[in-house]
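The values are calculated or read from the model by the stated rules, or taken from the named source; none is laboratory data. Everything numeric here is computed off the predicted structure, so don't read it as measured data. Here the Cβ is made from the backbone with ideal geometry for all residues, glycine too, and neighbour counts use every protein chain on show. What goes into the accessible areas is simple: the full protein's heavy atoms, side chains included, and nothing from ligands, DNA or RNA. Shrake-Rupley method; radii C 1.70, N 1.55, O 1.52, S 1.80 Å.
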Amino acid sequence: METKPTEISSSKMFGGFNKRFKHFSPTLGCSMTFHIFFPPSASPSHKFPVLYWLSGLTCTDENFIIKSGAQRAASANGVALVAPDTSPRGLNVEGEADSWDFGVGAGFYLNATQEKWKNWCMYDYVVKELPKLLSENFSQLDTSKASISGHSMGGHGALTIYLKNLDKYKSVSAFAPIANPINCPWGQKAFANYLGSNKAEWEEYDATSLISKYKNVSATILIDQGEDDKFVQEQLLPHKFEEACRSANVPLLLRLQPGYDHSYFFISTFIDDHIRHHAQALNL
């Protein structure tokens, strides 16, 4: 099976190119797709730093690339965007597509420990397999200079992956992240099924729990949260994360945006700020 990525589409945008690739993932046991936006380059030898984008529930690798408009600022700042898919696909595990908030399209960026869901190892895919694949196959990318961002479930993924790998990422940002999943219905459903009943394992994938453990954060964490987001009180719990950051003395900029909801209309409004936030941390 072909583990090397094969290009399946390419579209020019803001002088650069959105390219979609397919490869077989040994980590997940299935074929996966991902997108890279390559900014325009004056020199063939120039290497771009990488911003990983993790998408939310029900999304694929396409939503961010098509809807965010992030390419304009990425092009201007010389940052490559990498958008992976949100879960394994095509494994036909019983019940994988029964609900929109669990299974297919809902990998939660963790490594499942329950036998039935053993292929759901999106944490290892994002942190280990994908960067290695990129560094081995794309000479235009400098994977040693990387930052991470995401939305909703992907915001949860970005925050937890960043905190547990402060040596691998220069900065983190999130839009409407599931900031305290052990205390919300989406998180409790996913964690119970993927990780079983051991609550200590749940805390390993909860940004609010992790902050007290991984305090050595130098770059300010940037979070944008729409005040009219219908999920904010029950599912996202940004203020729990804010309290945890305050207690641990971790630098956080939580911006509450009046009138904005949970959608890509919200993301596209503020994405340029996030690209600049990461460009600054990546020393561009």
**Request:** First measure r as the distance between the Cβ atoms of E201 and E2, then evaluate 1/(1 + (r/R0)^6) with R0 = 30 Å and state the FRET efficiency to the nearest 0.05.
**Result:** 0.35
**Message:** If R₀ is 25 angstrom, what is the calculated FRET efficiency for the pair S212 and K132, using the beta carbon separation as r and rounding to 0.05?
**Reply:** 0.25
**Prompt:** Taking the Cα centre of each part, how many Å lie between the stretch 165-189 and the stretch 1-28?
**Reply:** 26
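Restricting things to alpha carbons, find the Rg to Rh ratio for the stretch 180-256 using the Kirkwood radius for Rh.
On the way: Rg = 13.1 Å, Rh = 13.2 Å.
Here the Rg-to-Rh quotient is 0.99.
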**Prompt:** To the nearest 0.05, how large is the calculated FRET efficiency for F24 and L256 if R₀ is 41 Å and r is the Cβ-Cβ distance?
**Reply:** 0.45
**Item:** Chain lengthening between Q140 and E115 when straightened (0.36 nm per residue, less Cα-Cα)
**Value:** 5.2 nm
**Asked** Amide H to amide H under 5 Å from L252: which residues, 5+ apart in sequence or cross-chain, H placed 1.01 Å off N in plane?
**Response** I221
**Request:** Please report, in whole Å, how far the alpha carbons of the stretch 22-112 spread along each principal axis, starting with the longest.
**Result:** 50, 26, 19
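Please list R276, R255 in order of solvent-accessible area, largest first, computed with a 1.4 Å probe with all protein chains present.
Numbers: R276 125, R255 60 Å².
From most exposed to least exposed: R276, R255.
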**Asked** Rounded to the nearest whole Å², what accessible area per residue is found for the chain with the 1.4 Å probe?
**Response** 41
**Amide H contacts under 5 Å for F17, placed H, 5+ residues apart** = F38
**Prompt:** Measuring from label point to label point, each 7 Å out along Cα→Cβ, what is the A97 to D272 span in nm?
**Reply:** 4.0
**Message:** Using a Gaussian network model on the chain with a 10 Å cutoff between Cα atoms, which of A73, A158, A146 fluctuates the most?
**Reply:** A73
**Asked** Within the accessible area of the stretch 212-284, what % is carbon and sulfur when the probe is 1.4 Å and the other protein chains stay in place?
**Response** 46
**Item:** Surface accessible to a 1.4 Å probe, F37 within the full protein complex, Å²
**Value:** 0
**Within-15-Å neighbourhood charge of P26 [Cβ basis; K, R +1; D, E -1]** = +1
**Amide H partners (placed H, <5 Å) of N119, local residues excluded** = none
**Message:** Ignoring GluC sites (Glu not before Pro) that are buried or in helix or strand per DSSP, and keeping those with at most 10 other beta carbon atoms within 10 Å, what is the longest stretch of the chain between them?
**Reply:** 95-284
**Message:** What lysines does K145 reach when the alpha-carbon gap must be under 23 Å and sequence neighbours fewer than 8 apart in one chain are set aside?
**Reply:** K4, K19, K47, K128, K132, K164, K168, K170, K215
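Tell me the volume per residue, in Å³, of the convex hull enclosing the alpha carbons of the chain. Before the final figure, lay out each step's value.
Numbers: hull volume 32.6 nm³, N = 284.
Residue-normalised Cα hull volume stands at 115 Å³.
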**Item:** Most positive-pole-ward Cα, Y260, L236, V250, against dipole of the stretch 211-284 from beta carbon charges
**Value:** V250
**Request:** Averaging sequence separations of C-alpha pairs under 8 Å and six or more residues apart, then dividing by the length of the chain, give the relative contact order as a whole percent.
**Result:** 17
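Return an integer: the convex hull volume of the alpha-carbon atoms of the stretch 120-239, in Å³ per residue. Working shown, then result.
Working: hull volume 13.3 nm³, N = 120.
Value for the stretch 120-239: 111 Å³ per residue.
Per residue of the chain, what 222 nm ellipticity follows from adding -39500 (n - 2.57) for every DSSP H run with n ≥ 4, rounded to the nearest 500? Could the numbers behind the result be given before it?
On the way: 9 runs with 81 residues, N = 284.
It lands at -8000 deg cm²/dmol.
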**Cα centroid of the stretch 116-147 to Cα centroid of the stretch 35-82, whole Å** = 15
